Amino acid sequence: MNKGLLVVYAGASGVGKGTIMKRLLAENPNIRLSVSATTRAPREGEQDGREYYFVTREEFEKLIAEDGFLEHAEYVGNCYGTPKAPVFKMLDEGLDVFLEIELKGFLQIKKAYPECVSIFIVPPSFEELQARLRGRGTESPEVIAERLKTAQEELSHHHLFDYVVVNDDVDRAAKEVLSIISAIKTEKE
Ligand code: 5GP
């Protein structure tokens with residue numbers, strides 16, 4: 001059986017990755033999103049085991065010590081990591097696994113799994129990103145400012161990704177991601 005694709009799916013905080021992801025999952029039954037572990041507090045509406053596994057710093061460090069992560073990184077004061085075992089299991093089952101992760105995690109994956117496919121979602125403009133992040137109202141002004149600074153830094157690394165997709169329209173951007181995946185799979189067959 002063919003192994004599935006390991007897809008790094010990155011983009012600044014507030015760029016709309018989550019909304020595009022929902023479309024991808026709805027439209028392609030072979031796609032799965034890896035659920036990360038984080039020390040960040042849940043946002044309203046987030047459920048443990050669905051958006052993230054919400055863990056303490058001690059639990060996170062234990063997972064690092066047990067070599068339980070495919071990659072892990074700190075982002076604006078919190079730790080985030082991709083649990084290794086479920087990803088390998090899904091890939092073995094032929095599923096295409098998306099890792100919604102930030103830049104430092106991507107660099108670790110790119111080094112360890114050079115066959116991965118990387119897609120970077122960008123906003124139509126930085127002003128648009130600022131407006132979206134402020135409009136979301138889930139973070140304090142200080143955290144928003146820090147997330148925007150990190151976003152600017154991440155945007156300057158777009159050239160490291162295989163594909164850059166502009167989220168000017170959710171439907172269009174989702175279709176573009178689906179065509180990228182389907183083209184790669186056809187090529188591999
Ligand atoms: P948020 O707090 O907004 O959910 O996520 C903050 C950033 O952490 C986002 O860029 C998100 O993609 C990234 N992230 C989420 N899970 C992981 C992970 O497992 N590893 C890494 N390196 N980044 C992650």
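The values are calculated or read from the model by the stated rules, or taken from the named source; none is laboratory data. If you're wondering where the values come from, they're calculated on a predicted model, not measured in any experiment. Cβ placement follows ideal geometry from the backbone for every residue including glycine, while neighbour counts extend to all protein chains displayed. Heavy atoms of the whole protein, side chains included, go into the accessibility calculation; ligands, DNA and RNA do not. Shrake-Rupley method; radii C 1.70, N 1.55, O 1.52, S 1.80 Å.
Tabulated data
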item: Spacing of the two label points (7 Å from each Cα toward its C-beta) at residue 157 and residue 76, in nm; result: 1.6
item: Å² per residue, accessible surface of the chain at 1.4 Å; result: 53
item: Accessible area of residue 48 in the full protein assembly, 1.4 Å probe (Å², nearest 10); result: 100
item: Residue list for the stretch 55-77, given a label point 7 angstrom along the Cα-to-Cβ vector of residue 111 and an amide N cut-off under 16 Å; result: 69-74
item: Spin-label model distance (nm) - residue 57 vs residue 179, 7 Å beyond Cα toward Cβ; result: 4.7
item: Percent accessible area from carbon and sulfur atoms, the chain, protein chains only, probe 1.4 Å; result: 52
item: DSSP-defined beta bridges in the stretch 6-188 - what % are antiparallel, rounded to 5; result: 30
item: Above-threshold pairs, the threshold being 31 Å between Cα atoms, out of 89/149; 84/149; 62/188; 110/175; 22/149; 17/89; result: 89/149; 62/188
item: Mean ellipticity per residue at 222 nm, deg cm²/dmol - from DSSP H runs of n ≥ 4 across the chain, formula -39500 (n - 2.57); result: -14000 deg cm²/dmol
item: GNM flexibility winner over the chain from 176, 44, 59 (Cα, springs under 10 Å); result: 44
item: Extension reserve of the residue 65-residue 189 stretch, reckoned as 0.36 nm per residue once the Cα distance is removed; result: 40.8 nm
item: Accessible-area ranking of 75, 9, 113, largest first, probe 1.4 Å; result: 113, 75, 9
item: Mean separation of Cα contacts under 8 Å (6+ apart) over length of the chain, as relative contact order %; result: 33
